[in-house]
1. Holding the Cα-Cα limit at 31 Å, pick out from Lys93/Lys117; Lys69/Lys154; Lys117/Lys147; Lys69/Lys117; Lys59/Lys122 the pairs that are longer than that.
2. Can you tally the net charge around Glu137? Count Lys and Arg as +1, Asp and Glu as -1, for every other residue whose Cβ sits under 15 Å from the Cβ of Glu137.
3. Of the GluC sites (Glu not before Pro) in segment 69-154, which ones lie in a loop per DSSP and count no more than 12 other C-beta atoms within 10 Å?
4. List the aspartates and glutamates whose alpha-carbon lies under 17 Å from that of Lys85, not counting same-chain residues fewer than 8 positions away?
5. Would you mind calculating the gained length between Ala39 and Ser144 on full extension (0.36 nm times residue separation, minus the Cα-Cα distance), in nm to one decimal?
6. How charged is the neighbourhood of Leu115? Take every other residue with its Cβ under 11 Å from the Cβ of Leu115, and add Lys/Arg as +1 and Asp/Glu as -1.
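Nothing in this text is a laboratory measurement; each read-out follows from the coordinates by a stated rule. This structure is a prediction, so every number in the text was calculated from the model and none was measured. Every residue, glycine as well, gets a Cβ built from its backbone with ideal geometry; the counts of neighbours run over all protein chains shown.
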Amino acid sequence: MTYRKAIAVLLLVVPTATFAGSQTVLSTLQQTPLTAYEAGKSRLESLALIIEIAGSKKKDVPRFDVIEKNGLLGVEVTGTEKASKMSDSYCLKKLQKLNKTFDTNKIPRILWPSLNKEQSSKVMNELFITLTMKAKENSSFSLSCTKTLAQLIK
């Protein structure tokens, strides 16, 4: 009988202790401050992932990675292209097409809804898109071009 009581008590205590431990972790997480920058970066990572997943049924889906470079925040879009098409002008043309497809002038307000119109315009100089094309015939050959969102909408 004592053996059964011990097991019953143990079965009640272990889940309670585990649950209580989870509450402590959640409480700690709730008290950890999140900067507006981190929140916006997290939204950008989520958008990049959603775009990548949405296109995953297509052949040769580009990869979207959020990167920080020289104090700026951006997305690197990496895809494949025929080597014969790859040039600086072609890269910039594809970058403009990405800009039109995703209506990038709305991105600052999506990432940071609390920005006013002036702040939203200014931050477009600090957000960028890099397009990296890798040759289908030779993956070690690649070409990249980068523009800030402000440069893309001009």
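1. In this structure, Lys59/Lys122 exceed 31 Å between Cα atoms.
2. Local net charge: +2.
3. Glu137
4. Result set, ordered by chain and number: Asp60, Glu137.
5. 35.0 nm
6. That sum, taken over residues with Cβ under 11 Å, equals +2.
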